[in-house]
Amino acid sequence: MKIERTVVGVYAANCYIVYSEDTNEGIVIDPGAEGDIIIDKIKKLGLNIKYIIITHGHGDHIGALSEVKQFTNAPVLIHELDKDMLKDGDKSLSNVINKKNVNLEADMLLKGGEEIKVGNLKFEIIHTPGHTPGGISVKCGNSLFTGDTLFYHSVGRTDFPGGSFEDIVNSVKEKLIIYPDETVVYPGHDRYSTIGEEKKYNPFIN
C-alpha cells in the first residue's frame, strides 16, 4: 500500500490517495479543495480510482468532490448521517468555508462496519461520531485515516452543529485506541501520529 498526502485549501485539510502498487487501483479520501492538484497526482501516478470516501461532510473535506468525481467517475461514499451535507451548504459549512455548495448525491451510504475491497487492499469503515454525527475513520492494514476525529495530541472540534464532545471522546477511546500502538494515524489536518503516541500524550484520552 502507498499513501499520497496532499494538503489542500485555506484550512489545510489532508487529502489522501491510497493505492496498491501491484494493481494501480486506489481510493481518494476527502478531496477538500484544489481539485486540479488532486487530479494531477492521480494522472501522474496512473491510478484507477475505485472509490471516493468522505470522512465527514464539512466543506473543507468535500470542496473538490465534484471535480474529482467527474474525472474519476468513482462512486462517492459517506456515512448516512452526513449525507445531507453534500447537498446543503449551510449544513456542510461550505457557504462559509469555500463559498461553494457541492450539491451532489452520494452513491453509497455507509453505516460503519463495511469492508471496501480495492484490488488487494481492504478498507474497514469505522463509525466515529462526535465531530459530526456521521463521522467515520477508515482502516487499511496498519494505517488509520481518522478524519477530524483524532488528531496529533488532540481531537476534533465539537462546537459545530451536530457535534458532541462526549461522542468524540467515546469514539476515540472505544473504537480507535483499541488498535496496536504501532498503528499509524493519518488525520484530516496536521501531521501524522501513532496510536501508541496518542495513548501517552493525548489529553483527551488520559
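Of the set (1) over 26 Å from A33 (Cβ atoms); (2) in contact (Cβ under 8 Å) with a residue 60 or more places away in the chain, all apply to N170 but (2). The single condition from (1) of a type in the set (S, T, Y); (2) in contact with a Gly (Cβ under 7 Å, 6 or more places away or on another chain); (3) closer than 21 Å to I126 by Cβ; (4) open to solvent by 40 Å² or more (accessible area, probe 1.4 Å) that Y51 fails is (2).
Which condition number does C140 fail, the rest of (1) closer than 23 Å to S92 by Cβ; (2) touching a Phe, Trp or Tyr at 6+ places or on another chain (Cβ under 6 Å) being met? For C140, the exception is condition (1). Given the condition surrounded by fewer than 24 Cβ atoms within 10 Å (Cβ to Cβ), of a type in the set (D, E, K, R), closer than 30 Å to P161 by Cβ and free of Cβ contacts under 8 Å to residues at least 60 places away in the same chain, answer yes or no: does some residue in the range 21-37 qualify? Yes, there is a match, as at least one residue in the range 21-37 is surrounded by fewer than 24 Cβ atoms within 10 Å (Cβ to Cβ), of a type in the set (D, E, K, R), closer than 30 Å to P161 by Cβ and free of Cβ contacts under 8 Å to residues at least 60 places away in the same chain. Taken over the range 65-89, residues that are open to solvent by less than 10 Å² (accessible area, probe 1.4 Å) and farther than 27 Å from N120 by Cα amount to 3.
With respect to the stated conditions, K41 fails to be open to solvent by 30 Å² or more (accessible area, probe 1.4 Å), in contact (Cβ under 8 Å) with a residue 12 or more places away in the chain, farther than 23 Å from D60 by Cβ and among the basic types (K, R). Of all residue pairs spaced 6 or more apart or on separate chains, those with beta-carbon atoms under 7 Å, a first member in the range 77-88 that is within 16 Å of I52 (Cα to Cα) and a second member that is part of a helix (DSSP H, G or I) and not acidic (D, E) are I78/L86; L86/I62. When the residues of the range 7-18 are filtered to those that are without any contact (Cβ under 8 Å) to a residue 60 or more places away in the chain and open to solvent by less than 20 Å² (accessible area, probe 1.4 Å), the one that is nearest to G147 (Cα to Cα) is C15. Figure legend. Inter-residue proximity from the range 127-148: first residues without any contact (Cβ under 8 Å) to a residue 60 or more places away in the chain and at positive phi, second residues of a type in the set (S, T, N, Q) and open to solvent by 10 Å² or more (accessible area, probe 1.4 Å), beta-carbon distance below 9 Å, spacing 6+ or different chains. Indicated pairs: G130/T158; G130/S164; G130/N170. Note on the range 104-124: residues that are touching a residue at least 60 places away in the same chain (Cβ under 8 Å) and either under 23 Å from G196 (Cβ atoms) or aromatic (F, W, Y) (or both) amount to 1.
Restrict the check to the range 128-145 and report whether at least one residue is at pLDDT below 95 and out of contact with any helix residue (DSSP H, G or I) (no Cβ under 7 Å at 6 or more places or on another chain). Write out each step before concluding.
In the first step, residues of the range 128-145 are kept if they are at pLDDT below 95; the result is none.
No - not one qualifying residue is present in the range 128-145.
Across the range 181-192, the number of residues qualifying as open to solvent by 20 Å² or more (accessible area, probe 1.4 Å) and in contact (Cβ under 8 Å) with a residue 24 or more places away in the chain comes to 7. Filtered by the rule that a residue be of a type in the set (A, V, I, L, M, F, W, C) and open to solvent by less than 10 Å² (accessible area, probe 1.4 Å), the range 119-162 gives F123, I125, I136, V138, C140, L144, F145, L150.
The values are calculated or read from the model by the stated rules, or taken from the named source; none is laboratory data. Values in this document were obtained by computation on a predicted structure and should not be read as measured data. Counting neighbours? That spans all protein chains shown, and the Cβs are built from the backbone with ideal geometry, glycine included. Note: accessible area is taken over every heavy atom of the protein model, side chains too, but ligands, DNA and RNA are not part of it. Shrake-Rupley method; radii C 1.70, N 1.55, O 1.52, S 1.80 Å.
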